């Protein structure tokens, strides 16, 4: 099916059509600092919002941000693997029948890019599978 023209979708994303290789190339260029945004702006992308007193800002949708605190910065999402202290930054996206994500440690030593075609998924039920992929990529398990 020709998907070169994106159909309108009622949400706040930019509606990019990308391959796994495109996502990998973009994240690598972004994290190298200066290739896409200046290093100072990249540092802000690796900073989660805090309240004036320095405490984490609560996030209302705990299903997206476990622990109830903000996990979105300026354009990136911070995630950690359950039961570890390893965290990565990246972004997910989805359309009906498609879900993808790209995450890496800031030093790019560990990285995962996934593109899935879940069938009948309307509730994020692919998350356990994605976490198993991330565990393999980040922990070698």
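Rule-based calculations on the coordinates, nothing more; no lab input. Just so it is clear, the structure is predicted and the values come from calculations on it, not from any experiment. Positions of Cβ are generated from backbone atoms using ideal geometry, with glycine treated the same way; all protein chains shown enter the neighbour counts.
Taking the average, over residues, of other Cβ atoms within 10 Å as the packing measure, peptides 41-48, 101-108 rank 101-108, 41-48 from highest down.
The length gained by stretching the chain between residue 98 and residue 50 to full extension, at 0.36 nm per residue less their Cα-Cα distance, is 14.0 nm.
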